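Since every read-out is calculated from the coordinates, none of them should be taken as a lab result. Because the structure is a prediction, the values reported are computed rather than measured. When we count neighbours, we look across all protein chains shown, and the Cβ atoms used for this are built from the backbone with ideal geometry, even at glycine.
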Amino acid sequence: MLETSLDYSILVFVAVVGLVQAAVTYNNVSRLSFFKQKRVAYISAVLLTGGALTGFFTWNYWEVTGVVEGSQQFGLFVLSSFIALVFTYSLGSLINSRKVKEMVVRFGGYVTTKSTVVLDLKKKRNGNGKK
């Protein structure tokens with residue numbers, strides 16, 4: 001049962017990372033992307049998501065008796081999705097941290113850096129970001 005749950009969690013993790021990479025590339029949020037070139041990013045997103053979906057659709061062929069219960073499936077999905085988002089945020093920030101100059105800005109008593117991904121996402125949402 002543990003092996004089946006782990007297989008399901010890995011498939012969800014891979015699918016979410018692929019979907020997030022596709023969304024990040026489409027919306028030009030370069031600081032979360034794993035790749036510099038859009039074409040490579042889209043190809044990796046399709047391969048990750050496609051591979052995970054293939055695993056889901058062929059589940060009964062390679063997991064003959066493996067069933068993940070409904071409530072357990074929901075919990076594993078939420079946990080795996082959260083871990084995938086944290087992984088994408090962390091790895092994207094690590095990969096792209098060398099490209100950005102650190103500029104400290106004081107705003108409302110808080111010290112933030114312009115190179116943080118959160119500020120970049122906020123700019124993109126408000127329409128102030130570069131395209």
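Quick rundown of the values:
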| item | result |
| --- | --- |
| Least to most buried among Tyr61, Tyr26 (fewest other Cβ within 10 Å first) | Tyr61, Tyr26 |
| ³J(HN,Hα), Karplus 6.51/-1.76/1.60, whole Hz, each residue of region 42-48, x for Gly, Pro | 5, 5, 5, 5, 5, 5, 5 |
